[in-house]
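K.L.:
I have a structure I would like to understand better, so I am pasting it below and will then ask my questions one at a time.
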Amino acid sequence: VSPSRFIASRLEEAGVGNIVIRPLGVEIDTFRPDRGDRAWLLKKLGLGADARLLCFAGRPAKEKNIDVLIEAVQKLGAPYHLVLVGAGTGMPPEDRVIALPYEKDPKAVARIIASCDAFVHANDKEPFGLIVLEAMACGRPVVGVNAGGVAETVTQDVGQLARSADPGDYAEAVEALFARDVEALGQAARVYAVERFAWNRVFEDLCMVYGDVSGRPDFVRPATDWAVH
């Protein structure tokens, strides 16, 4: 079972067959738009109401291409700011970049993401990108790169894809997003996440795979039947 076509192709290259693609799921009750509080976050960051907040949350790992996000926001200049949750740990200060500490509470992460204008993700080799689903569930549009697993979940209806992980291309994608109706894209992102990636939907699809492989009907028995037994 592969979470994306990107990983499925890597498995095929390794000689693995009988691959079924099923995405990961997102906790739509934890990550939701009403956790957002833009005024709170602007005050916390010491920024004015005209600021455009780009958010990334994750590990400070090389493959995340944090440097691309930093260079892109520097190219963009005012009024853009990059908010790094956890990913900026140990990095030297950068212009227009605000590093916040790692948050282990998912609700705290959701509050920050939902309070920003857009979520940014520049890893072009991401196996899937669960944080992207979490951002969309928070009602935020996503700027990704047209490669890897993120390119399979971010459509034109919910965000924008950069041509490559080049900082210039990425900055152009951010500008293209903000030339559109960001709030409408965010609302569409929430609907998209709920309808396609809510855990109950994803788990039911996965159970169908287990049922097909095992030949056991238990995996696909309606939930009401479980209460009886």
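K.L.:
For segment 74-154, what's the radius of gyration and Dmax over Cα atoms, in angstrom?
P.N.:
For segment 74-154, the Cα-based Rg and Dmax read 12.9, 33 Å.
K.L.:
Which of the lysines could a cross-linker bridge to residue 44, judged by Cα under 26 Å and excluding same-chain residues fewer than eight apart?
P.N.:
64, 75, 104, 107
K.L.:
With the alpha-carbon atoms as the only input, what is the per residue convex hull volume for segment 1-129 in Å³?
P.N.:
122 Å³
K.L.:
Checking the cross-link filter: which lysines have an alpha carbon closer than 19 Å to that of residue 62, excluding same-chain neighbours under 8 positions apart?
P.N.:
Within the straight-line cut-off, residue 62 pairs with 125.
K.L.:
Taking the mean number of other Cβ atoms within 10 Å as a proxy for protection, how do you rank 102-111, 119-128 from highest to lowest?
P.N.:
Top of the packing list down: 119-128, 102-111.
K.L.:
Could you point to the residue in 56, 39, 92 farthest towards the positive end of segment 30-121's charge dipole, with +1 and -1 charges on the Cβ of Lys/Arg and Asp/Glu respectively?
P.N.:
Toward the positive end, the furthest listed residue is 39.
K.L.:
Normalise the Cα radius of gyration of segment 144-229 by 2.2 N^0.38 Å (N = residues in it) and let me know the number. If you can, show how the numbers build up before the last one.
P.N.:
On the way: Rg = 19.0 Å, N = 86, 2.2 N^0.38 = 12.0 Å.
Output field value: 1.59.
K.L.:
Let me know the Kirkwood hydrodynamic radius for the chain, please, with Cα pairs as the basis and the value in Å to one decimal.
P.N.:
Taking every pair of different Cα atoms in the chain, averaging 1/r and inverting gives 18.5 Å.
K.L.:
For segment 100-203, state the semi-axes of the equivalent ellipsoid (square roots of 5 times the eigenvalues of the alpha-carbon gyration tensor), sorted largest first and rounded to whole angstrom.
P.N.:
On the way: eigenvalues 80, 47, 44 Å².
For segment 100-203, the semi-axes come out at 20, 15, 15 Å.
K.L.:
In the chain, which cysteines lack any other cysteine Cβ under 4.7 Å from their own?
P.N.:
If one checks each Cβ against the other cysteines of the chain, 138, 207 turn up with nothing under 4.7 Å.
K.L.:
In Å and from the alpha-carbon atoms only, list the Rg and Dmax of segment 1-72.
P.N.:
Just the Cα atoms of segment 1-72 yield Rg and Dmax of 18.8, 54 Å.
K.L.:
Let me ask something else. In what order, largest first, do 63, 12 sit by accessible area if the probe radius is 1.4 Å?
P.N.:
Listed by decreasing accessible area, they come as 12, 63.
K.L.:
Which value in nm describes the separation of the simple spin-label points at residue 200 and residue 103, placed 7 Å from the Cα toward the beta carbon?
P.N.:
Result for the modelled spin labels: 2.6 nm.
K.L.:
Okay, moving on. Please give the length that would be gained between residue 219 and residue 61 if that part of the chain were fully extended, namely 0.36 nm times their separation in residues minus their C-alpha to C-alpha distance (nm, one decimal).
P.N.:
Details: separation 158, 0.36 × 158 = 56.88 nm, distance 3.75 nm.
Contour length minus Cα-Cα distance gives 53.1 nm.
K.L.:
With the contact rule set at Cα under 8 Å and sequence spacing of 6 or more, what percent relative contact order holds for the chain?
P.N.:
Rounded, it is 22 percent for the chain.
K.L.:
Using the Cα centre of the chain as the reference point, and only Cβ charges (+1 on K/R, -1 on D/E), how large is the resulting charge dipole? Debye, rounded to the nearest 20.
P.N.:
Dipole magnitude for the chain comes out near 440 debye.
K.L.:
A further question follows. Just to confirm a number: summing +1 for Lys and Arg and -1 for Asp and Glu over residues other than residue 37 whose beta-carbon lies under 11 angstrom from that of residue 37, what do you get? Before the final figure, lay out the partial values.
P.N.:
Numbers: positive: 35, 38, 43, 44, 111; negative: 34.
Result for the neighbourhood of residue 37: +4.
K.L.:
Now for a separate question. Using a 10 Å cut-off on Cβ atoms, rank the peptides 149-161, 41-53, 74-86 from the highest mean neighbour count down.
P.N.:
Final packing ranking: 149-161, 74-86, 41-53.
K.L.:
Also: Among 219, 154, 199, whose Cα sits farthest toward the positive end of the charge dipole of segment 93-229 (+1 at Cβ of Lys/Arg, -1 at Cβ of Asp/Glu, about the Cα centre)?
P.N.:
Working it through, the farthest residue towards the positive pole turns out to be 219.
K.L.:
Considering every pair of different Cα atoms, what Kirkwood radius, in Å, is found for segment 66-108? Please report the intermediate quantities before stating the final value.
P.N.:
Details: mean 1/r = 0.0912 Å⁻¹.
Answer for segment 66-108: a Kirkwood hydrodynamic radius of 11.0 Å.
The values are calculated or read from the model by the stated rules, or taken from the named source; none is laboratory data. Everything numeric here is computed off the predicted structure, so don't read it as measured data. Please note: Cβ atoms are built from the backbone with ideal geometry, for glycine as well, and neighbour counts cover all protein chains shown. Accessible surface areas use protein heavy atoms only, side chains included; no ligands, DNA or RNA. Shrake-Rupley method; radii C 1.70, N 1.55, O 1.52, S 1.80 Å.
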